[in-house]
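To start, the structure itself, in structure tokens.
A short reminder: the numbers here are calculations on the coordinates, not readings from a lab. Please read all numbers here as calculations on a predicted model, not as lab measurements.
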Amino acid sequence: MFTDLNITAELIGACALGFNIVAYRQNEMARYLIFSGFSMACLSLHFYLLEAFAAAIGCGLAALRNAVALKSRASWVVVVFVTLNISAMLIEYFVLKHGALLFLAYCSGFIFTVGSIVITQVEVMRRWFLVAEALGCLYAVIVGSVFGTIFNVVNMTNIIIKMRKH
């Protein structure tokens, strides 16, 4: 049964979906990063409210990473965000004792982190992000996130449609 908190989480998830639909339609990396950043911020809050902390942390870091990547694509950015993701993953697994499911969310986050900063061609980004979206979709299904699942399915569909056009 949905509680008020779950309904709020799903509404925020719907906002994330809207931003990300716009993001994947962009042909310029900077515009993609802006819309995707707003989407990730909404999705971070969505997963936090659902107590799916691996995804909440990963999406929060992704929003911050996108903002930084707009200004710098230096190798230090990749190192910092990969280190933050690995640190959060290890703390969550070993200290907080959350289950192995979190590895799906963090693996997806690693692909997005490296891809958002290192990849400069949108076509290449879309191929890698398709894999990351599939991992995120599996995680969302398992944690019971309705809009997280819809979010990933719509994103995968948008990526495939855009890839077929090129």
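Which whole-number percent is the relative contact order of the chain (Cα, under 8 Å, 6+ apart)? Worked out over the chain, it gives 24 percent. Mean projection of the alpha-carbon convex hull of the chain over all orientations, in nm²? With the hull built on Cα positions only, its mean projection is 8.7 nm².
Once you reduce region 116-166 and region 13-51 to the center of their Cα atoms, the two points are 11 Å from each other.
Any chance you could list the semi-axes, whole Å, largest first, of the equivalent ellipsoid that the Cα gyration tensor gives for region 87-140, using √(5λ)?
Each semi-axis is the square root of five times an eigenvalue, giving 25, 13, 4 Å.
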